[in-house]
Amino acid sequence: MAQIKRPRIWCMVAVIILCVLIAAGYRIYERIYAANILISDDPQFLMIPTSASFDKVCTLLLEAGLQNEASFRWTAHRMNYPDRVKAGRYRLPNGMNNIELVRMLRSGRQIPVKVTFNNIRTGAQLAGKVAVVIETDSAGIAALFSDDVFLNKHHLTPETAISVFIPNTYEFQWNTSAKQFWERMLKEHTRFWNEERRRKADAIEMTPLQVSILASIIEEETQMNDEKPMMASVYINRLQRAMPLQADPTLKFAAGDFSIRRILDKHKEIQSPYNTYLHTGLPPGPICMPSVASLDAVLNYKKSDYLYFCAKEDLTGYHNFSKTLAQHNRNAEAYQKALNKLRIYN
């Protein structure tokens with residue numbers, strides 16, 4: 001009788017062990033492969049700051065939609081992730097499981113961000129716009145505009161540094177540092193100033209920096225891209241004749257006030273190297289970040305005999321161009337009357 005019962009006991013033990021193994025296996029499977037990211041907005045992004053700890057990552061994941069922290073920690077430890085945290089911006093699709101999540105985070109496979117900038121006048125303005133999109137703060141980017149060691153390394157000055165930046169849309173890793181941002185922009189500057197553009201600059205006897213300075217003035221003079229090449233012609237003609245540029249936007253820059261709508265005699269007396277009424281030649285640096293349209297307008301300027309231009313009296317934003325001072329004065333008088341009619345006195 002005992003001999004008959006013993007096989008049954010071993011069979012029951014085997015069944016129990018098998019059940020335990022199946023349960024343990026299922027639990028392990030669930031920890032690794034069950035969906036652990038459940039979110040309503042698909043996809044969502046996880047931002048892991050530079051130098052973040054594993055605990056910080058867990059906290060951020062819980063805020064983003066992680067359902068079971070314990071299972072994630074269990075999987076992460078077995079895949080050696082806690083000591084391999086990588087900063088960045090990661091996409092979290094709904095339904096992602098632990099092994100997929102850890103593999104992605106451990107590999108540093110982040111999603112880049114798009115940074116767009118245009119209509120920028122100062123380094124501080126640029127820094128503020130970029131810092132909204134990437135991890136680094138605006139102070140870090142802005143500081144390099146006055147960092148003599150950094151600027152000297154790249155043959156720049158605080159006055160010319162803005163010329164490095166070419167308005168466009170660029171992709172960056174979210175955790176890009178201030179120096180990495182600058183270094184990328186330096187590469188983009190080199191790429192923009194390709195052999196063809198440098199050849200055109202040489203043909204008009206200007207350096208890329210000089211083209212940028214003149215383009216920045218044109219950028220502030222008009223929003224009409226179709227007349228920019230003719231405006232460039234006027235300024236280049238004046239430079240070739242050693243005539244002062246007499247560019248009103250440079251007076252606004254010198255005054256530190258771009259809201260000025262009407263240039264008065266007092267503005268023309270401002271003591272500044274940017275006052276192109278008092279000084280001939282180009283100012284020390286760009287007065288804004290010129291657009292590609294303005295840069296190419298200088299490189300491809302329309303040859304003419306014009307030496308003057310004035311905003312049209314219809315206030316459309318376009319300009320009247322003239323060859324003589326007498327004609328220019330008549331155009332200027334018509335424009336001044338239009339301003340007076342609208343009671344624009346400053």
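Of note, Ser212 does not satisfy the criterion of being polar (S, T, N, Q), part of a helix (DSSP H, G or I) and either within 19 Å of Leu278 (Cβ to Cβ) or in contact with a strand residue (DSSP E or B) (Cβ under 8 Å, 6 or more places away or on another chain) (or both). Summed over region 260-269, the residues that are surrounded by fewer than 13 Cβ atoms within 10 Å (Cβ to Cβ) and either touching an Asp or Glu at 6+ places or on another chain (Cβ under 7 Å) or farther than 17 Å from Ile218 by Cα (or both) give a count of 4. Answer yes if at least one residue in region 237-255 is touching a Leu at 6+ places or on another chain (Cβ under 9 Å), more than 21 Å from Glu159 (Cα to Cα), of a type in the set (Lys, Arg) and crowded, with 16+ Cβ neighbours inside 10 Å, and no otherwise. Yes: region 237-255 contains one or more residues that are touching a Leu at 6+ places or on another chain (Cβ under 9 Å), more than 21 Å from Glu159 (Cα to Cα), of a type in the set (Lys, Arg) and crowded, with 16+ Cβ neighbours inside 10 Å.
Which of the helices (runs of 4 or more DSSP H) contained wholly in region 239-346 include at least 3 residues that are over 26 Å from Leu209 (Cα atoms), among the hydrophobic types (A, V, I, L, M, F, W, C) and outside the structural domain of Gln125 (by TED's automatic domain parsing)?
Where helices (runs of 4 or more DSSP H) fall fully within region 239-346 and carry at least 3 residues being over 26 Å from Leu209 (Cα atoms), among the hydrophobic types (A, V, I, L, M, F, W, C) and outside the structural domain of Gln125 (by TED's automatic domain parsing), they are 325-341.
Among the residues making up region 316-330, those that are touching a residue at least 24 places away in the same chain (Cβ under 8 Å) and surrounded by fewer than 19 Cβ atoms within 10 Å (Cβ to Cβ) are Gly317, Tyr318.
Taking the numbered list (1) outside any helix (DSSP H, G or I); (2) at negative phi in turn, Asn80 passes all entries but (2).
When each of Ile22, Ile4, Ile32 is tested for being surrounded by 16 or more Cβ atoms within 10 Å (Cβ to Cβ), in a helix (DSSP H, G or I) and either at pLDDT below 65 or at positive phi (or both), the lone residue that passes is Ile32. Of all the criteria given as (1) modelled with pLDDT of 95 or more; (2) of a type in the set (Lys, Arg); (3) over 33 Å from the mean Cα position of the chain (by Cα), the one not satisfied by Lys341 is (1).
The values are calculated or read from the model by the stated rules, or taken from the named source; none is laboratory data. These numbers come from a predicted model, not from an experiment. With ideal geometry, Cβ positions are generated from the backbone for all residues, glycine too; neighbour counts draw on all protein chains shown.
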